Amino acid sequence: AGVFGAGIPTSLYIVGIRWIGGIRTGILALIEPVVGAVLAAVLLAETLRPVQVVGGSFVLVAAILLQRERASPADGTVDAEAIASELGDASATGSATPV
């Protein structure tokens, strides 16, 4: 039971992180509580309060904005220097400081 209940889902989760990347995984993790609340409302007849609906809407809007902000260029190229400067990694831009 442990292999089917925990082992396989955990393995698939790790494969999914590698497949879509850490940033997109984080964005998708934002949506998990919203989906849980919606499923509870639909399947268990739970009542969503207005504050929960507003909060869930904020989470979804934030996830959409983050996804649009992180979208790659139309030609599919990646600008390593832009990414390095965004992350503050001087070593990727060729101006590394010795440690």
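Only the coordinates and a few stated rules stand behind these numbers; no lab work does. Note that the structure is predicted; figures quoted are calculated from it, not measured.
Table for the structure above
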item: Extended-chain gain in nm, criterion 0.36 nm per residue less alpha-carbon gap, residue 41 and residue 11; result: 7.9 nm
item: Rounded D (µm²/s) - the range 1-67, Kirkwood Rh over Cα pairs, Stokes-Einstein at 37 °C, 0.692 mPa s; result: 240 µm²/s
